[in-house]
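The values are calculated or read from the model by the stated rules, or taken from the named source; none is laboratory data. Not measured: the values here are computed from a predicted model. In this analysis, Cβ positions are derived from the backbone assuming ideal geometry, glycine residues included, and neighbour counts consider all displayed protein chains. The area values use the complete protein model at the heavy-atom level, side chains included, leaving out ligands, DNA and RNA. Shrake-Rupley method; radii C 1.70, N 1.55, O 1.52, S 1.80 Å.
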Amino acid sequence: MFPLQGAQMLQMLERSLRNSLPTSLKVYGTVFHMNQGNPFNLKALVDKWPDFNTVVIRPQEQEMKDDLDHYTNTYHIYSKDLKNCQEFLGLPEVINWKQHLQIQSSQNSLNEVIQNLAATKSFKVKVTQNLLYMTSETTKELAPSLLDVKNLSLSDGKPKAIDQKTLKLSSMDPIYAALVNKFWSFGGNERSQRFIERCIRTLPNFCLLGPEGTPVSWSLMDHTGELRMAGTTPEYRAQGLITYLIYTHTQALLKFGFPVYSHVDRKNKIMQKMSHSLNHILMPCDWNQWNCVPL
């Protein structure tokens, strides 16, 4: 195991991962934000350097105090060699398999590795696979071979205007984490609310405030740079608010040179249609998450 320390190593890792997009996207996005100040205090581990086979991005040990908090105990993984990956992930100093944890990757082939480890390390796994999108601007810059103009929307990718007399564009306040948590499909509990609060405090976000001054629609990102936790309260739905917010959020991030990507549930046809209308590009690999619970 080799921990990468210092800006030069992390910048080298970012450049290397860029060459493996889109299957390295989840890890690439995380390392990119580590190089922008590392707001979530993450660390990068590789099996060897500089010609690594497997990279694991994980929190510092002191962050992982709660054995049941899989929102904090999250690992992001990319590997060029699945056999090496299984050996590397089996090391106790790389992953603490005694905790409730999540593994995220845009590399579908990791499922075999994790299922094999589940048998030897004695934990049960819940797999979630969703569609993975990158904005056309990010795709053009990072993976131009995936940009097929035939797949783009006939529109210019801009949403319709909102009623600015009753709705005000703003950023989220952490006190509204409970509201986001209520509607987030991966949330709904105390630990997820703490994670959302941290994302709001630490990362760029946008919301629309209604006449009462409280959020009616929002778009947040997580520490991997992914747009996540977007939502609208029921009484304001079907007005194009989330489309407007995601477009606004995306344009703000692109100005800073951030890679912009997101995932959409395979059953959520409305959000898939919205992604297409904004000229987000469907990736040939999936957004994968493995929730692991020790037996």
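Determine whether the stretch 141-163 contains at least one residue that is within 18 Å of the chain's Cα centre (by Cα), open to solvent by less than 50 Å² (accessible area, probe 1.4 Å) and hydroxyl-bearing (Ser, Thr, Tyr).
Checked against the condition, which is being within 18 Å of the chain's Cα centre (by Cα), open to solvent by less than 50 Å² (accessible area, probe 1.4 Å) and hydroxyl-bearing (Ser, Thr, Tyr), the stretch 141-163 yields no hits at all.
Quick check on this structure: which one of Asp51, Asp47 is crowded, with 20+ Cβ neighbours inside 10 Å and out of contact with any Lys or Arg (no Cβ under 9 Å at 6 or more places or on another chain)?
Of the residues listed, the single one that is crowded, with 20+ Cβ neighbours inside 10 Å and out of contact with any Lys or Arg (no Cβ under 9 Å at 6 or more places or on another chain) is Asp47.
For the stretch 72-86: of the residues being surrounded by fewer than 22 Cβ atoms within 10 Å (Cβ to Cβ) and touching a residue at least 40 places away in the same chain (Cβ under 8 Å), which is nearest to Leu25 (Cα to Cα)?
Lys80
Within the stretch 12-37, track down each residue that is without any contact (Cβ under 8 Å) to a residue 24 or more places away in the chain and open to solvent by less than 40 Å² (accessible area, probe 1.4 Å).
Glu14
Checking Ser170 against (1) open to solvent by 20 Å² or more (accessible area, probe 1.4 Å); (2) at positive phi: exactly one of these is not met. Which one?
Tallying (1) open to solvent by 20 Å² or more (accessible area, probe 1.4 Å); (2) at positive phi, Ser170 fails exactly one: (2).
Among the listed residues Tyr247, Tyr261, which satisfies the condition of being open to solvent by less than 30 Å² (accessible area, probe 1.4 Å) and either under 30 Å from Phe123 (Cα atoms) or not β-branched (Val, Ile, Thr) (or both)?
Tyr261
Quick check on Gln115: is it open to solvent by 10 Å² or more (accessible area, probe 1.4 Å), touching a helix residue (DSSP H, G or I) at 6+ places or on another chain (Cβ under 9 Å) and outside the structural domain of Phe186 (by the TED database)? Break it down into steps so the answer makes sense when it comes.
Values: open to solvent by 10 Å² or more (accessible area, probe 1.4 Å): yes; touching a helix residue (DSSP H, G or I) at 6+ places or on another chain (Cβ under 9 Å): no; outside the structural domain of Phe186 (by the TED database): yes.
Answer is no for this residue.
Anything in the stretch 190-212 that is free of Cβ contacts under 8 Å to residues at least 24 places away in the same chain and open to solvent by less than 60 Å² (accessible area, probe 1.4 Å)? List them, or say none.
If the condition is that a residue be free of Cβ contacts under 8 Å to residues at least 24 places away in the same chain and open to solvent by less than 60 Å² (accessible area, probe 1.4 Å), then Gln193, Glu197 are the ones that fit.
Among the residues that make up the stretch 233-241, is at least one of them touching a residue at least 60 places away in the same chain (Cβ under 8 Å) and either surrounded by fewer than 19 Cβ atoms within 10 Å (Cβ to Cβ) or within 23 Å of Lys26 (Cα to Cα) (or both)?
Restricting attention to the stretch 233-241, the residues satisfying the condition of being touching a residue at least 60 places away in the same chain (Cβ under 8 Å) are 239-241.
After this cut, where a residue has to be either surrounded by fewer than 19 Cβ atoms within 10 Å (Cβ to Cβ) or within 23 Å of Lys26 (Cα to Cα) (or both) as well, the list is 239-240.
Scanning the stretch 233-241, I find at least one residue that is touching a residue at least 60 places away in the same chain (Cβ under 8 Å) and either surrounded by fewer than 19 Cβ atoms within 10 Å (Cβ to Cβ) or within 23 Å of Lys26 (Cα to Cα) (or both), so the answer is yes.
Return the only residue of Thr248, Thr224 being more than 21 Å from Leu147 (Cβ to Cβ), hydroxyl-bearing (Ser, Thr, Tyr) and either assigned by the TED database to the domain that holds Leu110 or out of contact with any Lys or Arg (no Cβ under 9 Å at 6 or more places or on another chain) (or both).
Thr248
When you scan the stretch 116-143, how many residues do you find that are more than 21 Å from Leu227 (Cβ to Cβ) and out of contact with any strand residue (DSSP E or B) (no Cβ under 7 Å at 6 or more places or on another chain)? Walk me through how you get there before you give the answer.
If we filter the stretch 116-143 for residues that are more than 21 Å from Leu227 (Cβ to Cβ), which is where we start, we get 116-127.
Now restrict to residues that are out of contact with any strand residue (DSSP E or B) (no Cβ under 7 Å at 6 or more places or on another chain): 116-117, 119-121.
Qualifying residue count for the region: 5.
Does Ser217 count as within 17 Å of the chain's Cα centre (by Cα), open to solvent by less than 30 Å² (accessible area, probe 1.4 Å), of a type in the set (Gly, Ala, Ser) and at negative phi?
No, not satisfied.
Being open to solvent by 40 Å² or more (accessible area, probe 1.4 Å), farther than 16 Å from Leu4 by Cα and of a type in the set (Asp, Glu) is the filter here, so list the residues in the stretch 54-71 that pass it.
Passing the criteria: Glu63, Asp66, Asp67.
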